[in-house]
1. Report whether or not residue 167 is in contact with a strand residue (DSSP E or B) (Cβ under 6 Å, 6 or more places away or on another chain) and not assigned by TED's automatic domain parsing to the domain that holds residue 33.
2. Please determine whether any residue of the range 232-249 is over 24 Å from residue 137 (Cα atoms) and part of a helix (DSSP H, G or I).
3. How many of the residues making up the range 309-340 are surrounded by fewer than 20 Cβ atoms within 10 Å (Cβ to Cβ), touching a residue at least 24 places away in the same chain (Cβ under 8 Å) and under 24 Å from residue 260 (Cβ atoms)?
4. Quick check on my filter: what residues within the range 274-295 are in a loop (DSSP other than H, G, I, E, B) and touching a helix residue (DSSP H, G or I) at 6+ places or on another chain (Cβ under 7 Å)?
5. Across the range 42-60, what is the number of residues that are at pLDDT 85 or above and closer than 16 Å to residue 122 by Cβ?
6. Report yes if some residue within the range 23-30 is modelled with pLDDT of 90 or more, in contact with a strand residue (DSSP E or B) (Cβ under 7 Å, 6 or more places away or on another chain) and surrounded by fewer than 20 Cβ atoms within 10 Å (Cβ to Cβ); otherwise report no.
7. What single numbered condition from (1) crowded, with 21+ Cβ neighbours inside 10 Å; (2) within 22 Å of residue 90 (Cβ to Cβ) fails to hold for residue 220?
8. Condition first: more than 27 Å from residue 34 (Cα to Cα), in contact with a helix residue (DSSP H, G or I) (Cβ under 6 Å, 6 or more places away or on another chain) and surrounded by fewer than 19 Cβ atoms within 10 Å (Cβ to Cβ). Now tell me which residues in the range 89-124 satisfy that.
């Protein structure tokens with residue numbers, strides 16, 4: 001389990017929460033929880049303020065989550081979206097934390113928040129986490145559970161689980177390309193780089209986008225960092241649903257597959273990626289397992305990998321621009337690393353599209 005420094009709620013300043021009001025609200029809305037609580041800051045979860053809460057008198061523990069402090073971009077850190085997703089998925093085969101209560105008003109503590117059941121497990125961010133939490137003989141089991149969980153998610157009908165209104169169902173990839181290409185162009189001035197290949201990629205991706213099948217619930221950031229792995233090396237819960245929407249399952253799969261690095265990759269995003277640890281299967285296994293579980297035709301998979309590399313390049317370009325503009329502090333070496341990652345993402349997108357052409 002991910003833990004932090006335990007600090008009693010009644011004695012400490014908990015960032016983002018009016019402890020007295022929140023504990024009173026929880027007492028009123030969640031029968032299984034009894035304040036006062038011991039609050040433990042949980043790491044991960046992006047910049048959302050996430051705490052474990054344990055009753056000082058014993059009993060059930062839970063997790064409480066709200067957006068970060070300060071002004072937020074529209075639709076960013078959407079707690080209502082997360083709540084809708086875990087509430088809809090709780091009765092399904094996709095493992096999530098138990099939804100306990102959602103506070104629909106910011107009056108209690110300045111923002112919407114929700115309370116969910118505590119899941120015993122660990123997120124895996126790097127190879128060090130793998131060594132700490134997953135024994136080498138169990139890593140095959142973890143990989144199978146990880147991809148089976150994504151396949152299970154993509155096998156659900158959003159209409160049947162009450163999520164038909166979560167987002168637009170049509171043209172998911174085209175809409176994403178438009179959004180991130182606009183981001184690239186908006187960042188050119190401050191980034192002071194404009195790789196012409198990104199524009200060629202944009203045009204190729206738009207011209208060759210595969211026909212989208214029925215929309216499903218897509219997580220948007222499914223990786224080993226956003227699942228809790230239990231002591232049995234299986235996925236105990238998928239977390240961080242704040243950018244989930246309805247869309248093309250192969251776009252979601254392509255994103256996850258790109259993050260499943262292997263040692264013979266010519267360009268590595270990071271040298272300590274979890275899947276570089278010994279005992280994990282390669283991407284071919286992940287692809288075959290997903291195809292077996294979903295029955296989907298993966299002939300266009302290189303397109304979706306290229307699309308996600310294009311998207312990653314645009315995201316990194318925007319981050320690089322903010323650093324160059326002085327909006328975030330960074331040293332010269334890290335700045336150069338971001339520049340390299342932009343170029344690497346473009347190169348890998350081109351390689352994926354070249355692989356797609358070899359199928360045709």
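1. Yes, satisfied.
2. yes
3. 1
4. 277, 278, 279, 280, 281
5. Summing the residues that are at pLDDT 85 or above and closer than 16 Å to residue 122 by Cβ in the range 42-60 gives 3.
6. Yes, there is a match, as at least one residue in the range 23-30 is modelled with pLDDT of 90 or more, in contact with a strand residue (DSSP E or B) (Cβ under 7 Å, 6 or more places away or on another chain) and surrounded by fewer than 20 Cβ atoms within 10 Å (Cβ to Cβ).
7. So residue 220 meets the others, but not (1).
8. Residue satisfying the conditions is 93 alone.
The values are calculated or read from the model by the stated rules, or taken from the named source; none is laboratory data. Worth saying up front: this structure is predicted, and the values here are computed from it rather than measured. Virtual Cβ from ideal backbone geometry, glycine too; neighbours counted across all protein chains shown.
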